[in-house]
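Taking it in order: structure first as structure tokens, then the write-up.
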Amino acid sequence: MPALILARLALLEARRGGLLWLAAFALAAAIALGGFFAALAITEGRLVQAALVAAILRICAVFLLAAQVVASIRREIDERRLEFTLALPVGRSTQYLGRLAGFAALGVLLAVAFSLPLFLWAPAAPVALWGASLAFELALVAAAALFFAMTLAQHVAALAATAAFYLLARSMSALQAIASGPLADESTWHELGRRAVDGVALLLPALDRVTRTEWLLYGAPDTRSYAMALGAMVLYILLLAAAGLFDFARRSA
Amino acid sequence: MRDERPLSDVPAWLWLVLGAALAAQIAVRALQAPLALGSADLPPAPSSAALRLASFGEPEAMARLAMLYLQAFDYGGTNPSPYRELNYAHLVDWLRALLELDPRSEYPLFAAARVYAEVPDPVKSRMVLEFVYREFLADPDRRWPALAHAALLAKHRLHDLPLARRYAAAIQRYARSPAVPLWARQMEVFILEDMNELEAARIVLGGMLASGAIDDPAEARFLRRELEALEHRLAR
């Protein structure tokens with residue numbers, strides 16, 4: 001299976017590139033920082049530790065994966081290895097989805113590794129749900145980073161676009177709440193701005209509804225809202241994969 | 001691993017420059033005293049919406065991190081009366097914003113009742129106690145411990161029995177969860193009993209530990225330390 005070979009190559013490249021060590025360092029740093037902050041807390045020491053370690057590990061996992069995907073793809077393009085693989089008798093969709101599967105599998109491995117320390121401070125079921133949600137979130141980040149790395153010509157531009165997309169998606173609900181706050185004026189400009197924010201929100205995944213720290217602190221979410229949040233992630237991964245395939249099909253080299 | 005030339009290939013002047021720059025950096029940093037967040041440094045509180053935006057979808061982590069940041073103001077190691085010089089209007093706004101960010105966190109009200117309301121300034125203490133009372137009404141079953149301590153402070157520190165009875169009556173009336181211990185549900189009687197602050201504090205702490213209301217080691221440690229400090233103060 002050519003797709004499986006490409007997926008395996010993505011994992012192999014991550015291992016040889018030292019991602020394992022970076023992940024281990026991120027884990028150690030997050031646990032140390034969490035312990036430091038918990039020692040300063042006069043109450044909710046366990047919750048402080050769980051919340052901060054989870055938040056740090058989540059952003060570390062996203063950054064590591066996005067950087068790995070962008071670096072890997074841009075290197076492949078810059079060294080003209082992509083031209084070589086395009087000449088192989090393997091369908092373009094197989095090539096694109098194979099790479100995506102490899103990066104998503106890397107995301108799953110990171111999610112598992114980064115969930116393990118949370119068992120120290122939170123019940124098992126919420127940690128498992130948090131970890132599964134992080135795996136889906138990382139698969140989405142991998143799809144976004146792959147899309148931007150393939151479509152944008154520069155390494156920095158691709159990484160910046162992935163970061164902007166991710167942070168905006170996590171902040172959209174807060175932006176919408178601010179835009180429609182009770183103290184907002186009723187001018188036409190404000191109304192246009194509010195509608196623009198709502199419009200942008202329609203195009204972004206609701207990343208503020210997944211991998212929530214509150215699950216670790218106050219208990220697991222109800223099954224329906226959890227399934228809906230993860231279903232929305234799968235839908236967005238499909239959208240990003242379709243957009244990436246569309247661009248990849250048009251690529252001359 | 002990348003290919004590298006041996007260390008002996010590095011010119012001597014570069015070793016010197018590197019060593020001197022490192023030594024200078026360490027010397028400069030060693031001469032700089034660590035920044036202490038003084039009372040005047042506490043800025044006005046941002047809105048909870050702004051904090052939510054800045055949290056990038058992590059309001060619970062942000063609320064706790066901001067509480068640690070807040071409790072660093074006006075608390076130097078040698079400060080004889082921590083928090084006394086803080087601008088309490090700003091402080092209460094901060095606590096309110098952080099509570100809005102994560103309404104299920106007990107940290108802001110715990111700090112309000114156990115730390116900020118204990119300053120020896122009746123005006124500031126009352127500001128915080130009123131904040132605790134107003135926020136208690138939004139979620140009595142979860143927030144009654146802070147108001148119970150507020151009632152004790154009103155009685156024993158402010159010597160304002162009507163205020164203490166108002167807080168005690170509110171607990172009796174609104175905190176209906178079976179998890180609320182009996183002494184708290186009979187708080188008004190408890191407040192009217194003729195006992196000193198130490199006896200009352202011992203009963204409250206013992207009752208909370210027995211009822212499981214305190215399950216956090218850091219909190220239990222902090223409360224035991226507070227009790228010891230109270231014992232020392234009253235023994236003098």
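The values are calculated or read from the model by the stated rules, or taken from the named source; none is laboratory data. Nothing here was measured: the structure is a model prediction, and the numbers come from that model. Backbone-built Cβ (ideal geometry, glycine too); neighbour counts: all protein chains shown. Calculation scope for accessible area: heavy atoms of the full protein, side chains included, ligands and nucleic acids excluded. Shrake-Rupley method; radii C 1.70, N 1.55, O 1.52, S 1.80 Å.
What's the carbon and sulfur percent of the protein assembly as shown's accessible surface, probe 1.4 angstrom, rounded to a whole number?
Of all accessible area on the protein assembly as shown, carbon and sulfur atoms account for 65 percent.
Quick one: compute the contact order of the stretch A:1-157, relative version, from alpha carbon pairs under 8 angstrom and 6+ residues apart, as a percent.
Across the stretch A:1-157, relative contact order equals 34 percent.
About the Cα centre, and with charges only on the beta carbon of Lys, Arg (+1) and Asp, Glu (-1), how big is the dipole of the stretch B:94-236? Nearest 20 debye, please.
Here the size comes out at about 200 debye.
Roughly how big is the protein assembly as shown's charge dipole about its Cα centre, with Cβ charges of +1 (Lys, Arg) and -1 (Asp, Glu), in debye to the nearest 20?
920 debye
Mind grabbing the accessible area of A:Ser93 for me, 1.4 Å probe, Å², rounded to tens?
Spelled out: A:Ser93, probe radius 1.4 Å, area about 60 Å².
Which of A:Ala39, A:Ala105, A:Ala139 moves most in a GNM of chain A, Cα contacts under 10 Å?
Among A:Ala39, A:Ala105, A:Ala139, the largest GNM mean-square fluctuation belongs to A:Ala39.
Only counting protein heavy atoms at a 1.4 Å probe, give the residues of the stretch A:38-75, ordered by number, whose accessible area falls by 50 Å² or more when the other protein chains are present relative to the chain alone.
With the partner chains in place, the stretch A:38-75 has these residues losing at least 50 Å²: A:Ile42, A:Thr43, A:Glu44, A:Leu52.
Quick one: which bits of the stretch B:55-74 get at least 30 Å² less accessible when the partner protein chains are in, versus the chain alone, with a 1.4 Å probe?
Residues of the stretch B:55-74 that lose at least 30 Å² of accessible area once the other chains are added: B:Phe56, B:Gly57, B:Glu58, B:Glu60, B:Ala61, B:Arg64, B:Leu65, B:Leu68, B:Gln71.
With 34 Å as the cut-off, how large is the P(r) tail for the protein assembly as shown, expressed as percent of Cα-Cα pairs?
Counting every Cα pair in the protein assembly as shown, those more than 34 Å apart make up 50 percent.
Against the longest principal axis of chain B, how steep is helix B:12-31, in degrees 0 to 90 to the nearest 10, with axes from Cα atoms?
Between helix and principal axis, roughly 20 degrees.
Can you check how the C-alpha radius of gyration of chain A compares to 2.2 N^0.38 Å, as a plain ratio?
Taking the Cα Rg and dividing by 2.2 N^0.38 Å, one obtains 1.10.
Using a 10 Å cut-off around each Cβ of peptide B:44-51, what is the average number of partner chain Cβ atoms that fall inside?
The mean count of partner-chain Cβ atoms within 10 Å per residue comes to 2.
Interface B/A, total buried accessible area with a 1.4 Å probe, nearest 100 Å²?
Interface between B and A: roughly 2300 Å².
Once the other residues with Cβ under 13 Å from the Cβ of A:Pro205 are scored (Lys, Arg +1; Asp, Glu -1), what is the net sum?
That sum, taken over residues with Cβ under 13 Å, equals 0.
Using +1 at the Cβ of each Lys and Arg and -1 at the Cβ of each Asp and Glu in the protein assembly as shown, identify which of A:Gly35, B:Ala97, A:Ser133 lies farthest towards the dipole's positive end.
Of the listed residues, the answer is A:Ser133.
From the convex hull of the Cα coordinates of chain B, what is the mean projected area in square nanometres?
The orientation-averaged projected area of the Cα hull of chain B comes to 19.8 nm².
Per residue, how many Å² of accessible area does the protein assembly as shown show with a 1.4 Å probe?
I get 51 Å² per residue for the protein assembly as shown.
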